[in-house]
Every structure is written in C-alpha cells, then in structure tokens.
Amino acid sequence: MTQETAEHIAATVKDARIDKGWTQGQLAEALGTSQSAIARMEQGKQNLSLRMIQRLETIFERSIVKVGKPQMTHLRIEGGRTLSGAVDVNSSKNAGVALLCASLINRGTTVLRRLARIEEVNRIVEVLTSIGVECTWLNDTDLQLRRPEVLDLAAMDVDAARRTRSVIMLLGPLLDESSEYRLPYAGGCDLGTRTVEPHMQALREFGLTVEATAGFYAVRAPQPDTRDRSFVLTERGDTVTENAIMAAAHRRGTTIIRNASPNYMVQDLCFYLEMLGVQIDGVGTTTLKITGRPFVDADIEYFPSEDPIEAMSLITAGIVTNSEVTIRRVPIEFMEIELATLEQMGQKLEISGEYMARNGRTRLVDVTTKPSELRAPEDKIHPMPFPGLNIDNLPFFAVIAANAHGQTMIHDWVYENRAIYLTELNRLGAQVQLLDPHRIYVNGPTKWRAAEVGCPPALRPAACLLLAMLAARGVSELRNIYVIERGYEDLAERLNAIGAKVEYFQD
C-alpha cells in the first residue's frame with residue numbers, strides 16, 4: 001500500500017467516523033478491535049487487510065479506497081514461530097454459495113447468519129444483485145436476501161459470473177424462471193478440465209436444455225409437468241447434487257436422486273430447504289427423496305455450518321509449526337478420516353466432546369494439536385467421496401507429509417493440474433516429486449526455508465504455500481493472494497491471533 005493510499009484511507013475513516021457521530025471506542029467495538037488500533041488507523045500507521053476495508057465500507061456505507069487501477073495484494077510472513085492459543089472455524093464457503101443460489105427459490109426473505117464474507121460470496125452477491133435480488137448486509141456477517149417477482153436475467157453481471165465456478169449452480173434454482181436465458185461460462189480455480197456435463201445430465205432429467213455458445217450457456221426452460229422422476233447421478237459430485245436438489249425443490253412431484261453426495265455443503269442446503277417446507281428424505285445418505293414445492297414464500301433465517309476445509313487448514317498450521325493450538329468448532333462428521341489419518345502418522349491430537357452447531361444439526365468438536373514426531377503413512381493418501389477423505393483437504397497432507405519421516409505418495413485423481421501446483425513447495429525446501437499429473441511423492445522431513453513465491457491459480461495449493469511459510473524461518477512473501485481471498489475469511493488475521501506474524505502489503 002502506498003503512502004498516498006494509506007493517508008487517503010486514514011482521512012476517509014476519520015471523516016466517516018465523525019460524520020456518523022461515533023467515538024474511536026464505538027468504532028473499535030463495531031470492528032471488534034481496540035481503540036488504539038483505530039487511532040493508528042486514523043494516523044495511517046495501521047496495516048489494513050482487504051477484509052477490514054470491507055468492514056469499514058459496510059459500516060460507513062461508503063468507499064474507503066480510492067477508485068483506480070486495482071493493485072495486487074501480497075502477504076509477508078515471518079516464519080519459524082511457535083503458535084499457541086485457540087481459533088474458531090468460520091462458516092463454510094461451499095455451503096454459503098449454495099445457500100445464496102438456493103435463496104432464489106424463496107419468494108420471502110432469507111437471512112443467512114454468520115455468512116463467510118469472502119470473495120467467492122461477494123461474486124455471487126454481485127450476480128444476484130445484478131438480476132434484481134435485494135442483498136443487504138445487516139451487519140458484518142448477516143446477509144438478508146429478497147428476490148423480486150421477476151428476475152432480470154438479461155442484466156446479469158457477466159464479469160462477476162465469470163470469476164466464480166459457483167455460477168453454474170444457478171441452473172437448478174432458475175430451472176423454469178424464464179423460457180430462455182444465457183448464463184456465462186463458469187470460472188474460478190484453474191484445476192484442469194472440469195466438465196459441466198454431469199450438471200447437464202442431471203438437469204436434463206427435469207427437461208432443461210442447455211447448449212454451449214460463444215462464452216455462454218444458452219438455456220431453455222422445461223415444460224411444466226407434475227410427474228415423479230427417479231435418476232442416478234453418474235458422478236457423485238457436490239455441486240452436481242446441489243443443482244439437482246434445487247431443481248427438484250421447486251418442481252411438482254417427487255424426485256428420487258441416487259448416488260447423491262451426502263457431503264457437508266449438500267446437507268446444509270437440505271437443512272435450509274427443509275426450513276422452506278421442502279420435504280427431503282435421506283439427508284446424509286446417497287439416496288434423496290425430494291417432494292417439491294412449486295411456490296415458497298417464507299421469512300426465515302439460517303446459520304450455515306462450519307467449514308471442514310478451513311478446519312483442516314488451521315489444524316495444518318498447528319502441525320507444521322509443531323505447536324499446541326486448539327481449533328474450535330470443527331465439524332467432526334466431515335473430518336473423521338482426516339483426523340484418523342493424522343493419528344496413523346503419529347500426530348497427537350486431543351478431541352473434545354461433541355456439541356451442536358448453530359443450525360442445530362451439525363456436530364462439532366474442538367481439536368488440539370500437540371507437538372509430534374510424524375512418520376509417512378504405509379499406504380498412499382487419496383480422496384474419496386464423503387465419508388472418505390475430502391478432496392479439498394488432500395493438498396494439506398502434502399505440507400504435513402513434508403514434515404514426516406519417510407516417503408508419502410499423494411494421489412489426487414480428481415484434478416489434472418493440482419498435484420503440479422504442489423511442487424511449488426520445493427521452493428520452500430520441500431522434496432516433492434511429480435510422478436504424473438495426479439500423483440506426487442513427498443519426502444521428509446523438510447528443513448523449510450523462506451522464499452518469495454507467487455500464488456498458483458488454485459485455492460488449496462495456494463493456502464498450502466502460506467502454511468509452509470509459517471514453518472520456514474525467515475521472511476517469506478506470497479504474491480498475488482486473490483485466490484486465497486476467494487476462499488478464506490480473515491485467514492491472516494486469525495493466524496496472527498494464535499501467534500503467527502503475517503501482514504498484507506501492496507507494491
């Protein structure tokens with residue numbers, strides 16, 4: 001951040017606070033920080049994350065940063081520090097974007113409480129706003145949504161839509177919204193070819209017709225019908241299952257979906273739809289029976305459950321720094337294989353008794369990492385559909401295996417490119433050997449060293465580099481962290497809360 005930008009932000013924050021009639025103490029309370037931090041902020045001496053700037057803009061309802069050419073944001077990490085204390089897991093990114101899409105089914109008001117305020121959510125909110133949905137942040141984490149009677153699909157923000165894969169999940173809730181419309185191609189992480197054909201196969205069961213044109217999907221709505229339907233998903237994908245569920249939720253008749261994903265974000269979606277009055281049998285299994293409601297008008301609030309991928313990220317931070325750290329609010333049902341694998345590698349963990357998430361359905365525990373001597377597992381580590389090891393948690397085992405004695409094979413059979421990105425750990429001293437686009441050997445233990453590395457265009461491998469930098473003595477730089485901002489809320493700040501030293505900067 002330039003000195004000119006820092007001075008502009010300082011003056012803007014002070015003026016906005018005075019205009020609101022607040023003291024520095026009142027602003028500190030609203031932001032969850034100290035009065036001294038506000039004083040430094042208004043003097044241009046406080047480093048501000050993108051997240052903090054978003055909070056300020058929400059509170060003051062005005063722009064804080066000068067409009068101009070966007071600058072890349074980077075992280076500077078002072079590694080080799082021992083972490084301690086406790087940190088909470090935030091709500092699920094993947095559940096959050098599904099619930100945003102599902103809110104289109106409701107003609108009433110939906111309030112999503114403690115929603116992850118991340119770039120992926122921001123992009124979907126921009127898309128929804130562009131087609132006429134009233135999206136109002138009631139505070140820093142609670143979002144109120146109310147759709148108009150008729151959505152203006154022609155006005156969809158194409159740029160925002162192209163920057164997220166989640167836009168493909170609008171097909172289910174928009175099934176028969178309009179006789180014809182266009183949806184931009186999905187974007188997001190660069191993880192190789194991820195076909196949308198499984199989505200199309202599922203939605204064709206409802207009569208939806210989708211044709212690929214130049215940069216868009218041309219969509220034609222199905223004719224109304226009241227018949228029951230039953231089909232098998234050829235791929236037990238999370239977003240594919242969610243799209244099929246949302247389509248079934250507002251069609252007359254009963255839909256049976258076999259080989260459905262029972263993963264965490266799918267369950268959250270089902271819990272929300274059940275609150276709307278949609279009858280769903282088999283939640284948490286691979287066979288769902290959904291009795292749709294063609295018209296829903298309900299005023300409800302819903303708390304998305306905690307994110308098992310973020311939980312794994314924070315647990316990894318404790319492991320690679322050989323620290324005793326407590327990760328609170330871990331959704332244990334979706335972490336059991338990961339924790340069992342860690343214990344087989346020699347990782348010492350303390351796991352608390354179970355308690356309920358705010359949605360009243362998801363089981364949570366607290367997990368404490370202990371300094372441990374790790375060894376490579378006897379078998380390869382690979383993902384499986386739930387209840388197996390989560391595909392998004394697999395990359396973290398590359399960082400963990402680099403701390404273990406011996407050789408670990410990691411088999412990422414889902415994505416063509418992601419294993420390649422994990423070889424970037426070598427720049428920090430790891431010994432990662434690429435066998436093919438899906439498999440790597442990780443040899444350990446690693447003597448981590450500081451380095452400057454650019455973020456790969458994939459969320460989890462980028463987060464792995466940040467976590468490895470926590471273990472590397474010296475000062476590392478992780479460049480252009482937009483991909484991390486897509487999937488994590490306040491990650492740097494919350495790592496700092498348990499003893500890390502991570503700061504944002506711009507060239």
Qualifying position, being in contact with a strand residue (DSSP E or B) (Cβ under 7 Å, 6 or more places away or on another chain), open to solvent by less than 60 Å² (accessible area, probe 1.4 Å), more than 20 Å from L115 (Cα to Cα) and at pLDDT 95 or above, among L394, L314
L394
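Does K348 satisfy the condition of being in contact with a strand residue (DSSP E or B) (Cβ under 8 Å, 6 or more places away or on another chain), of a type in the set (K, R) and farther than 30 Å from P456 by Cα?
yes
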Single unsatisfied condition, V278 versus (1) farther than 17 Å from I498 by Cβ; (2) β-branched (V, I, T); (3) open to solvent by 10 Å² or more (accessible area, probe 1.4 Å):
(3)
Would you say S352 is touching a residue at least 24 places away in the same chain (Cβ under 8 Å) and among the hydroxyl-bearing types (S, T, Y)?
no
From (1) within 29 Å of A260 (Cβ to Cβ); (2) open to solvent by less than 40 Å² (accessible area, probe 1.4 Å), pick out the condition that doesn't hold for M384.
(2)
Mind listing whichever residues of segment 406-422 are closer than 24 Å to L314 by Cβ and either more than 21 Å from the chain's Cα centre (by Cα) or not aliphatic (A, V, I, L, M) (or both)?
T408, I410, D412, Y415, R418, Y421
Take the residues in segment 133-187 that are over 21 Å from N243 (Cα atoms) and touching a helix residue (DSSP H, G or I) at 6+ places or on another chain (Cβ under 6 Å), then tell me which one is surrounded by the fewest Cβ atoms within 10 Å (Cβ to Cβ).
A155
Could you check segment 445-462 and list, in sequence order, the residues that are farther than 19 Å from I484 by Cα, part of a loop (DSSP other than H, G, I, E, B) and not hydroxyl-bearing (S, T, Y)?
P445, K447, W448, A450
Please identify the pairs in which a residue from segment 413-441 that is on the phi > 0 side of the Ramachandran plot and of a type outside the set (S, T, N, Q) has its Cβ atom under 6 Å from the Cβ atom of a residue that is exposed (fewer than 15 other Cβ atoms within 10 Å of the Cβ) and not in a helix (DSSP H, G or I), counting only partners at least 6 apart or on another chain.
G429/K447
Note down all Cβ pairs under 7 Å where the first residue falls in segment 59-81 and is over 26 Å from L467 (Cα atoms), the second is small (G, A, S) and modelled with pLDDT under 80, and they're at least six residues apart or on different chains.
I59/A30
Which one is least open to solvent (accessible area, probe 1.4 Å) among residues in segment 336-364 that are assigned to a helix (DSSP H, G or I) and polar (S, T, N, Q)?
T341
Unmet criterion (only one of (1) within 20 Å of H405 (Cα to Cα); (2) assigned to a helix (DSSP H, G or I)) for E333
(1)
Note: among A376, A398, A419, A404, just one is among the aliphatic types (A, V, I, L, M), farther than 20 Å from P457 by Cβ and in contact with a Pro (Cβ under 9 Å, 6 or more places away or on another chain), namely A404
So, in segment 463-478, exactly how many residues are crowded, with 16+ Cβ neighbours inside 10 Å and more than 17 Å from I410 (Cβ to Cβ)?
7
Count, please, the residues in segment 408-436 that happen to be within 19 Å of M384 (Cβ to Cβ) and surrounded by fewer than 16 Cβ atoms within 10 Å (Cβ to Cβ).
2
Is segment 444-452 home to any residue that is surrounded by fewer than 19 Cβ atoms within 10 Å (Cβ to Cβ) and modelled with pLDDT under 95?
no
Matching residues in segment 209-267 (of a type in the set (A, V, I, L, M), open to solvent by 30 Å² or more (accessible area, probe 1.4 Å) and not in a strand (DSSP E or B)) number 1
For L459, are the conditions met, namely being of a type in the set (A, V, I, L, M, F, W, C) and either open to solvent by 40 Å² or more (accessible area, probe 1.4 Å) or at positive phi (or both)?
no
Residue hits (segment 287-327; closer than 25 Å to V365 by Cα and assigned to a loop (DSSP other than H, G, I, E, B)) are F303, P304, S305, D307, T321, N322, S323
Looking at L128, is it in a strand (DSSP E or B), open to solvent by less than 20 Å² (accessible area, probe 1.4 Å) and in contact with a strand residue (DSSP E or B) (Cβ under 7 Å, 6 or more places away or on another chain)?
no
Have a look at G85, G25 and point out the one that is open to solvent by 20 Å² or more (accessible area, probe 1.4 Å), at pLDDT 95 or above and outside any loop (DSSP other than H, G, I, E, B).
G85
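The values are calculated or read from the model by the stated rules, or taken from the named source; none is laboratory data. Everything numeric here is computed off the predicted structure, so don't read it as measured data. So basically every Cβ, Gly included, is an ideal-geometry build from the backbone, and we count neighbours across all protein chains shown. Protein only, heavy atoms only, side chains kept; ligands, DNA and RNA dropped before computing areas. Shrake-Rupley method; radii C 1.70, N 1.55, O 1.52, S 1.80 Å.
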